[in-house]
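The values are calculated or read from the model by the stated rules, or taken from the named source; none is laboratory data. Small disclaimer: the values here were computed from a predicted structure and weren't measured. Heavy atoms of the whole protein, side chains included, go into the accessibility calculation; ligands, DNA and RNA do not. Shrake-Rupley method; radii C 1.70, N 1.55, O 1.52, S 1.80 Å.
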Amino acid sequence: MPDQLVNKSVNHGFCFNILCIGETGLGKSTLMDTLFNTKFEGEPTQHNQPGVQLKSNTYELQESNVRLMLTVVNTVGFGDQINKEDSYKSIVEFIDTQFEAYLQEELKIKRTLHSYHDTRIHACLYFIAPTGHSLKSLDLVTMKKLDSKVNIIPIIAKSDAISKSELTKFKIKITSELVSNGVLIYQFPIDDETVAEINSTMNAHLPFAVVGSTEEVKIGNKMVKARQYPWGTVQVENENHCDFVKLREMLIRVNMEDLREQTHTRHYELYRRCKLEEMGFKDTDPDCKPFSCTRSLTGSRSCTRMRRRSWRTRRNPWMTSSTASSRKRRPLSSYSPRLCRQGAPPHSRGTRRGKINSSTCCMLHEASCPVKDSCRNDFSPNPWQCHAVLCALQPSPSPPFQTPHMPLHCGRIQPLL
Ligand SMILES: Nc1nc2c(ncn2[C@@H]2O[C@H](COP(=O)(O)OP(=O)(O)O)[C@@H](O)[C@H]2O)c(=O)[nH]1
Ligand SMILES: [Mg+2]
């Protein structure tokens, strides 16, 4: 049975979509290049953008017989405007547009979901400036608007700019601000016994303090990625220097499948329920109660966890070695040799070949998503307990297939009974 599952997944290939949110110059592009050991396209942007635009690049990574479609979405111009009030809007619209595209595919009579390129965001890396003070209002507002739509992994960017003792305090401060503002960040799951220990340890390290660099420096007789300063060298992959390795392990190796699953069963499910209710769909259950987003969230979360397989091949087979750059044509195994030694499923060992083909597409943030201003979710400081967003039903006289873009009316906050 597990072999069947693995073979099926390998044949289909995987897709993984990362959204990088953070102010211009915080090191988003550098970190992505460092994480995937390549040089993605894109010129550094200036600070004069009139608004926030989302730019998406898709790359095809291949390792052995495993294909990974990686999409990196960047928030160009985030934090560059004098009035930052609307900065989160284009991000919310973008995420909803991807949900909507998937929903429209699902609603088709003749669906091709198996070959559909899923553009839903699986992980959102939120880059926090290394101020050592506290989160900015822009960070809190943006994360709060997004936490019911995407798995947020906060990271402290350019953490070499902050001292060790300040960093400890800064992490505590950020965590307490997130909690007191009711911002839900993604927690690495601890109900799968094969990863429970490492995940619970890593949860305690959040937000990860990262350093990015593609520059290689000779340390001893090894070339390592590092940043050199007059007073010393920061090694990106040295766990005493920063949490880059922790982030890479958690994001790409251990929890990639959980991030994908949470996106589908929790965030997309919430969008779908809201949308279908607005279209006039009703479950025929006689006890059918008004839709509660919070209940839906907690319910789907526990269901997901119940179904979790405690089977080590849930870890990502292509991460047993590495990714590659098309330009340098590096062997995939150069990416993360340590991962190769640890627990690589048998099928992914052996000769590794790889290529990366990139194709770039710009997603316009003005995309006409019908729910962009409707399905907003606001939660109380303790969202798991007392509040829910109720969607007002709007009966539809015609089937949704003919009227897929009906207006929605969601977002009133009501206490849960
Ligand atoms: N000190 C420090 N500088 C960094 C780090 N990562 C990137 N940078 C530098 O910050 C500048 C902006 O980086 P970039 O990746 O273009 O930022 P982006 O606008 O967020 O994509 C570049 O000069 C990078 O070399 C880091 O971890 N620490
Ligand atoms: Mg950039």
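Could you provide, to the nearest whole Å², the per residue accessible area of the stretch 114-246 with probe 1.4 Å?
45
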Report Ile174's accessible area, 1.4 Å probe, all protein chains in place, as a number in Å² to the nearest 10.
0
Exposure ranking of Met279, Met223 by accessible area [1.4 Å probe, largest first]
Met223, Met279
Determine which lysines satisfy two conditions relative to Lys144: a Cα distance under 24 Å, and not lying fewer than 8 residues away in the same chain.
Lys28, Lys55, Lys84, Lys89, Lys136, Lys158, Lys169, Lys171, Lys173, Lys275, Lys372
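Measure off, as a whole percent, the carbon and sulfur share of the 1.4 Å-probe accessible area of the stretch 29-103, all protein chains present.
Carbon with sulfur: 48 percent of the solvent-accessible area.
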Compactness relative to 2.2 N^0.38 Å, alpha carbon Rg of the stretch 1-86
1.41
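Accessible area per residue of the stretch 44-83 at 1.4 Å probe, in Å²? Each step should come with its number before you reach the end.
Working: 1760 Å² over 40 residues.
Accessible area per residue: 44 Å².
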